[in-house]
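Written below as structure tokens is the structure these notes are about.
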Amino acid sequence: MSYPKFRVAICGGGVGGLTLAVALSKYPDIAVDVYESTPSYSGIGAGVGIWPRAFKVLKKLGEDLGQELLEKATDFTWTEDYVPAIAYRKSDQPKGEQIFQVMTKGDLMRFHRADFHHVLLSHLSSSCRVHYAKRLATYVQPSYSGNDASPITLTFIDGTTATCDILIGADGVRSAVRGTLMRESAQHSNAKIRLSCVEPVWSGVTAYRTLISAENLRARDPNHRALSTPTMANACFLVYPISQGKFINFAGFTVHPVLMKTAHGTFSDEKREPFDRPWVGELTAKEVAKPFEAFEDETIPLLESVDKGTLWGVHTVKHLPTYSFGRVAILGDAAHSMTPFQGSGAGQSIEDAYILATVLGHKSTTLANVPYALSVYDKIRRPFSISVAQASKYNGQLLAFQGDVELNELGDAVTRSWEWAWLTELDGAVDEANRALTMSGEIPKRPLL
């Protein structure tokens, strides 16, 4: 009977967690357990957008996986040409006007989140097991240096426990893994800074989210632009079709001008205004419509087609001093939850997952030098994902007219801050990770400083 090189536990089975599980499925000597907090993967969920840079990463996991995702994407044909991606309108007036059209090299792929999850689930190997209704409470790591090979012990909210050799937290903005990692690492370095990063902060953005039946909207307005064209109005709402045109994803936003400028990035001790409602709450159709009822006439059929929705206080994570400690690392929203104004949160979790799989699956990585391998992931991914979070915040300021850019220059400013998503690729970072793990002599056990 053969035993795996090591056992990886992934807490959180969202886009990042499942992408990591699929990527690790390519390495038969790594056993993977995914602990998902929900009882099952259902049809519940909103839209998710994937830009060309992130989709090229998914294609590295297999042409068949890429093809299946293409078949699930709405109104999408893969292209390397420049195409009109999102139309931006000024809609906070009776007669709206288009301000600019973002042209991108390759288009935004648009999915129902449940469709995306199901494609990833279908590509897990037999070495990967998924456990449902398992939300992590905390963990205990016997050693952070790699000298102690004793397993990490996981304790879940329901009181059950499990063990693993490596723990990856993909458990979202309220990550239990991040909390324990920061408290644990604070005992060794920069305690004040690390402890300040345990809890997320309200970004100043409130999101109103729902799925609108395309059939209902078509009955009210057969030619409504939301049926075919991704459209954003004043950073106040974004609409686009998903599920092969069956639904319209609606994400509306209100922006607190002061907090939007200050929250998210610093380690300061300034008092931050809390979100004074539940982070996620149910809304009636009337409550969804209220912030947008004075908008242009074109919004009326959209809002009249809403059945119900949810309100989200958009919280973000401070720019962390590390994404790893010992044999534990975090990815996605657990590491760098950001505002939604570049549609890149899911894409960044995909990139995190691929680099993590690269360093863990590398032939030179052993259980003894996992802390070093995870520090390579941290060194590569943390600066880039933080830069994306900053760019997303900047886009939000521009689109809420809180920046220092004139209206006629807005399109160019937004495009410049965003074009990394379709003009750059992850390949250089993958090469950097492989170089760091392909060294003459023994790979160091201690992490990079």
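The values are calculated or read from the model by the stated rules, or taken from the named source; none is laboratory data. Computed from a prediction, not measured in an experiment: that's the story for all the values here. When we count neighbours, we look across all protein chains shown, and the Cβ atoms used for this are built from the backbone with ideal geometry, even at glycine. The area values use the complete protein model at the heavy-atom level, side chains included, leaving out ligands, DNA and RNA. Shrake-Rupley method; radii C 1.70, N 1.55, O 1.52, S 1.80 Å.
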Review point. Could you count how many residues in the range 317-340 are open to solvent by 10 Å² or more (accessible area, probe 1.4 Å) and in contact with a Leu (Cβ under 7 Å, 6 or more places away or on another chain)?
Key: 2
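Every residue, every condition in (1) out of contact with any helix residue (DSSP H, G or I) (no Cβ under 9 Å at 6 or more places or on another chain); (2) free of Cβ contacts under 8 Å to residues at least 24 places away in the same chain; (3) hydrophobic (A, V, I, L, M, F, W, C), yes or no:
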| position | (1), (2), (3) |
| --- | --- |
| Pro52 | no, no, no |
| Glu63 | yes, yes, no |
| Glu68 | no, no, no |
| Gly96 | no, no, no |
| Phe100 | no, no, yes |
| Asp115 | no, no, no |
| Ser122 | no, no, no |
| Ser127 | no, no, no |
| Tyr132 | yes, no, no |
Point to revise | Search result, residues across the range 184-198 that are open to solvent by 10 Å² or more (accessible area, probe 1.4 Å) and out of contact with any strand residue (DSSP E or B) (no Cβ under 9 Å at 6 or more places or on another chain) | key: Ala186, Gln187, Ser189, Asn190, Ala191, Lys192, Ile193, Arg194, Leu195, Ser196, Val198
Point to revise | Unique residue being in contact with a helix residue (DSSP H, G or I) (Cβ under 7 Å, 6 or more places away or on another chain) and more than 30 Å from Gln397 (Cβ to Cβ) when the list is Ile157, Ile168, Ile152 | key: Ile168
Check your understanding: Of all residues in the range 295-327, which are of a type in the set (Gly, Ala, Ser) and under 17 Å from Asn249 (Cα atoms)?
Key -> Ser305, Gly309
Review point. Which is within 30 Å of Gln98 (Cα to Cα) and not polar (S, T, N, Q), of Ala335, Ala400, Ala353?
Key: Ala400
**Study point:** the range 147-172, residues that are assigned to a loop (DSSP other than H, G, I, E, B), of a type outside the set (Gly, Ala, Ser) and open to solvent by less than 50 Å² (accessible area, probe 1.4 Å)
**Key:** Asp165, Asp171
Review point. Is one or more of the residues making up the range 19-37 of a type in the set (Val, Ile, Thr) and either open to solvent by 10 Å² or more (accessible area, probe 1.4 Å) or within 20 Å of Ala251 (Cβ to Cβ) (or both)?
Key: no
Study note, to complete from the structure: Counting only residues in the range 138-182 that are small (Gly, Ala, Ser), touching a Leu at 6+ places or on another chain (Cβ under 6 Å) and at pLDDT 95 or above, the one farthest from Ala31 (Cα to Cα) is identified as Ala176
Review point. What helices (runs of 4 or more DSSP H), lying completely within the range 289-387, carry at least 3 residues that are of a type outside the set (D, E, K, R) and touching a Ser or Thr at 6+ places or on another chain (Cβ under 9 Å)?
Key: 333-336, 345-361
Review point. Does at least one position in the range 307-319 carry a residue that is aromatic (Phe, Trp, Tyr) and free of Cβ contacts under 8 Å to residues at least 60 places away in the same chain?
Key: no
Exercise for review: Tell me which of these Met439 doesn't satisfy, since it passes every other one: (1) of a type in the set (A, V, I, L, M); (2) open to solvent by 70 Å² or more (accessible area, probe 1.4 Å); (3) part of a helix (DSSP H, G or I).
Suggested key: (3)
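Results for (1) at pLDDT below 90; (2) open to solvent by less than 50 Å² (accessible area, probe 1.4 Å); (3) within 23 Å of Leu108 (Cβ to Cβ), shown as yes or no for each residue.
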{"site": "Thr229", "(1), (2), (3)": "yes, yes, yes"}
{"site": "Cys236", "(1), (2), (3)": "yes, yes, yes"}
{"site": "Ile242", "(1), (2), (3)": "yes, yes, yes"}
{"site": "Gly245", "(1), (2), (3)": "yes, yes, yes"}
{"site": "Ala263", "(1), (2), (3)": "yes, yes, no"}
{"site": "Phe267", "(1), (2), (3)": "yes, no, no"}
{"site": "Pro278", "(1), (2), (3)": "yes, no, no"}
{"site": "Glu304", "(1), (2), (3)": "no, no, no"}
